[in-house]
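Working notes, beginning with the structure itself.
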Amino acid sequence: MLLQRLTRSSRLPTPLFRCVSTQTPGPSEPLRRPNTNTASFGFQTVKEDEKESLVKNVFDSVASSYDLMNDASSLGVHRLWKDSFVSGLKPGKHGPMRCIDVAGGTGDIALRILDYAREKHYDRETTVDVADINAQMLKEGERRFKQTMYHNTPQVSFNVANAQSLPKERFADNSYDLYTIAFGIRNCTSIPSVLEEAYRVLKPGGTFACLEFSRVNNPLLATIYDQYSFSVIPLMGTILAGDRASYQYLVESIRRFPPQPEFAQMIRDAGFSTGPDVDGGAWSDQWGGIACVHKGVKL
């Protein structure tokens, strides 16, 4: 089992967790949860209060090689998706913005936001507060920002914080113009709690924007994608990072994320206004739905 492999890994702490379910569903089989106090961890079902620590273990393990693995597993396409994600938000177009990038420890979205605002709109006043529950990922981001013009400026800050309960003394109500989260929300225990916090911290008129792996609707592409994901990506994790189990989890977590219409409804349930439930409306598919951008506006 993935959970057993993760807790046995020499790169992770001694096992402190037990798995609630020993059944491993296939890629397209719905996850069955025996009660409301459980959550998915890849194809496993675990107690809600265990998932956070398990996910932390995964990202402690992959922090230093995270972008290398993203490049290898996506053939570099994740960079194009992130470029498109940020350019579609046009930070700085209407003046300086206060932004929060959640689950953004490596700083790649924050850097894109600041660069876009500066290069396209000559804006050196837009700010990004980066929040991530994982201190190791934040260390990677801080290390990278030391090589940029934004280091030691008020334009960026790095904060250890849980997306489901951002500290109010640091992240006040109605204080941000833009909330971004890229390839992170599927790793959170309670997606509705994350969305509620996003709604809380955004100003009226502020934008919620999420880039996440999603559901491929073309059957042929879905078959090829599944074969690549479950065969090649864990193998790359073994070769490049010496960590198959963590990358197996990352692949499985994608398959457990809600499909586009379901996630769009969750965004509306949190109070946001979205477009209609079609590609180009509430969401915009990237590469046939391998990735997807969801947006909502706080009214």
Please tell me the relative contact order of the stretch 165-249 in percent, rounded to the nearest whole number, where contacts are Cα pairs under 8 Å and at least six residues apart. 27 percent
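What order do you get for 271-278, 190-197 when each peptide is scored by the mean count of other beta carbon atoms within 10 Å, highest first?
Values: 271-278: 14.6, 190-197: 19.6.
In decreasing order of mean packing, 271-278, 190-197 become 190-197, 271-278.
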Inter-site label distance for D67 and S87 at 7 Å from Cα along Cβ, in nm: 1.9 nm
Describe numerically, in nm with one decimal, the distance between label points set 7 Å from Cα along Cα→Cβ at A135 and at M236. 3.0 nm
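Add +1 for every Lys or Arg and -1 for every Asp or Glu among the other residues with Cβ under 10 Å from the Cβ of W283, and state the total.
Values: positive: K295; negative: E212, D277, D279, D285.
Surrounding charge for W283 is -3.
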Where a Cα-Cα gap under 26 Å defines reach, which lysines qualify for K51, not counting those fewer than 8 residues away within the same chain? K139, K168
Under the 7 Å Cα-to-Cβ spin-label approximation, K203 and S190 lie apart by a distance in nanometres of 2.9 nm
Round to a whole angstrom and tell me the spacing of the C-alpha centers of the stretch 95-163 and the stretch 225-279. 24 Å
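For the stretch 122-183, count the residues as N, evaluate 2.2 N^0.38 Å, and divide the Cα radius of gyration by that value, please.
Details: Rg = 12.3 Å, N = 62, 2.2 N^0.38 = 10.6 Å.
Against the empirical 2.2 N^0.38 Å value, I get 1.17 for the stretch 122-183.
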Give the lysines reachable from K90 as a straight Cα distance under 21 Å; neighbours fewer than 8 places away on the same chain don't count. K82, K120, K203, K295, K298
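We did not get these values from a lab; they are worked out from the coordinates using the rules stated. Please read these numbers as outputs of a predicted model, since none were measured by experiment. As a convention, Cβ positions derive from the backbone with ideal geometry for all residues, glycine included, and neighbour counts pool all protein chains shown.
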